[in-house]
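Enquirer: I have a structure here, written as structure tokens, and I will follow up with some questions on it.
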Amino acid sequence: SGSSESLRRYRRQGWRIILALCLQAIAIRQWLPLEFLPREKVKIDPILALALAYALNISKRSSTLNQRSTGLRSYQKIFMVPGGKPKYYLHKIRERYPMVMHGVSLSIGYTDPINFDYLRSLKTLAHEVQPAWLSDHLCWTQQGGINSHDLLPLPYTQEALDHVSARICATQDFLGQQILIENVSSYLTYKDSEVTEWEFLSAVAEKSDCLILLDLNNIYVSARNHGFNTEDYLNGIDPSRVWQFHLAGHTDYGDYVIDTHDHDVVESVWDLYAKAIDRFGPVSTMIERDDNIPALKDLVSELDVARAVAKQGFPVEKLSP
């Protein structure tokens, strides 16, 4: 039946998230050189981590290793429940390792009333897990109760700025903490936009006093699609607001690029990462991979590249007291 298939799908997604959390926790604990901890950002220890959201045959009941994952997309939906096996393992992992919480369902830019039931469940989960931070996207995903299951861009207008900033403020007040807002990749622009994307993101962060999760692959993808300069984007963001980087692969169709998280990080994004490290410092970094998963040793090698780029872009000796 449809309900049975939905239940199986959510169970599979739960295992994917558990795997992602396990690998990220291992990365936090074992792969981050201690000298990479920035002195000025003492509120939150950064994480140079490898994030993997893909299916794993943990229970040996199915072969889903290479199945497309929507792991982070359903993160809160998986764990915003009273109990269950995924949540049991979530707490077991949390007993040993620090965690962060990332979502795609906040839909901070939509015009429906704020979903306080969703925020209440998120707050309860955050109280249980005690993550280093909470993050979601600067976008809208639904309207009138219909979920698009995509991260849709906003028009960069004063009206949108006031609207989104007020909703972030209300969200932060309800949760009792700052959140990180992530830039999304986009494939269209609005004629009504009055400023650039980075000016809008900066203004939102300043007006709402939120922090920024800067997705460098998304910057590259959107720059290719819309023709702006990636360095202008970096230079337009306040370094004190940036709390995490995301890196990922994408699919390049020549005339346009799509953020798919199913390829290795390309050289152009590594170059952008080096420039970001030079401007923002050794910010917590996560590599996302959702599909076409290679061997674990290859994923770890990509993490080593991130570490090497970070060291080259921001020498360890600059971190000395």
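Enquirer: For segment 112-183, rounded, prolate or oblate, judged on the Cα gyration tensor with a ≥ b ≥ c (square roots of eigenvalues), a/c < 1.5 rounded, else prolate if a/b > b/c?
Expert: Because a/c hits 1.5 or more and a/b exceeds b/c, segment 112-183 counts as prolate.
Enquirer: In this model, which of LYS85/LYS207; LYS123/LYS207; LYS207/LYS275; LYS92/LYS297; LYS92/LYS275; LYS123/LYS311 are farther than 30 Å apart at the alpha-carbon?
Expert: Checking Cα-Cα distances, LYS85/LYS207; LYS92/LYS275; LYS123/LYS311 exceed 30 Å.
Enquirer: Add +1 for every Lys or Arg and -1 for every Asp or Glu among the other residues with Cβ under 13 Å from the Cβ of ALA295, and state the total.
Expert: -1
Enquirer: Can you list which of the trypsin sites (Lys or Arg not before Pro) found in segment 158-213 are DSSP loop residues with at most 10 other C-beta atoms within 10 Å?
Expert: LYS191
Enquirer: Here's a follow-up. Once the Cα atoms of segment 184-321 are picked out, what are the Rg and Dmax in Å?
Expert: Both quantities, over Cα of segment 184-321: 15.4, 48 Å.
Enquirer: Now for a different question. Classify segment 138-178 as rounded, prolate or oblate from the Cα gyration tensor: take a ≥ b ≥ c as the square roots of its eigenvalues, call it rounded if a/c is under 1.5, otherwise prolate when a/b beats b/c and oblate if not.
Expert: Oblate, because a/c is 1.5 or more while a/b does not exceed b/c.
Every number here is computed from the coordinates shown, using simple stated rules; none is lab data. Just so it is clear, the model here is predicted, and its values are computed rather than measured. Positions of Cβ are backbone-derived with ideal geometry, glycine not excepted, and every protein chain shown enters the neighbour counts.
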